[in-house]
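Remarks on the structure that follows.
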Amino acid sequence: MVFSSLPNALSILRIILTVPVVMTLLNHQYFLAMVLFFIAGITDALDGWIAKRYSLQTRLGSILDPAADKLLLVSSFVALYLIELLPLWLLTLIFLRDFMIVSGTVGCFLGSGDSKSDLLSPSKLSKFNTVLQILLVLFLVIIQIYPVPSQWVTIFFIVVGTSTVLSGADYVWIWAEQVISQEKHK
């Protein structure tokens, strides 16, 4: 493998790790799920860092990385809901936000006709939200091994729910600014 393809290979590895993460969650193998999810999380941090550090950013990478994140997180959240560790209201918020972002990004991309557009770049709030969602998955798995008071779980759900809504609103704001800016330049 050529070093220049390492970031994309790490994103593909994260996509592949989605299946064993979900299977271990559904089978209540929490320690193994935690280890696999942690490894997947490390690939997420490494692929971006390597791509930026060594100027290896590619169009494919800008699509693969968020797609791998969405696949891993949404699949993990569905599995956590199915084993009754995640409430339906939070799963719904996360799913609706991700659906909106994917739809909006595709719509903006198709509407702009600009192949060099920065539409696939996540906002800072979105990156923070992704970190919180990753931490939530790890937290929900860890507390199956080392239980904590239920108030902590409720607080974490509220924090992630709030960041999910704010992140979705942030994208709507960014897209509205882009549309207004494009209209002014016509």
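Every listed requirement among (1) part of a helix (DSSP H, G or I); (2) at pLDDT 90 or above is met by T105 save one, (2).
Picking from D65, D44, which residue would you name as being acidic (D, E) and over 16 Å from V137 (Cβ atoms)? The match here is D65. Please specify each residue of the range 15-56 satisfying the condition of being outside any helix (DSSP H, G or I), touching a residue at least 12 places away in the same chain (Cβ under 8 Å) and either in contact with a Pro (Cβ under 6 Å, 6 or more places away or on another chain) or not aromatic (F, W, Y) (or both). Passing the criteria: H28, L56.
Between L91, L82, the distinction of being modelled with pLDDT of 95 or more and in contact with a Leu (Cβ under 7 Å, 6 or more places away or on another chain) belongs to L82 only.
Would you check which residues across the range 121-134 are aliphatic (A, V, I, L, M) and free of Cβ contacts under 8 Å to residues at least 12 places away in the same chain and list them? If the condition is that a residue be aliphatic (A, V, I, L, M) and free of Cβ contacts under 8 Å to residues at least 12 places away in the same chain, then V131 is the only one that fits. For the range 150-179, a residue qualifies if it is touching a residue at least 24 places away in the same chain (Cβ under 8 Å) and either farther than 21 Å from K124 by Cβ or surrounded by fewer than 12 Cβ atoms within 10 Å (Cβ to Cβ) (or both), and exactly one does: F157.
The values are calculated or read from the model by the stated rules, or taken from the named source; none is laboratory data. Model, not experiment: these values are computed from the prediction. Cβ coordinates were reconstructed from backbone atoms using ideal geometry, including for glycine residues, and neighbour counts include every protein chain displayed.
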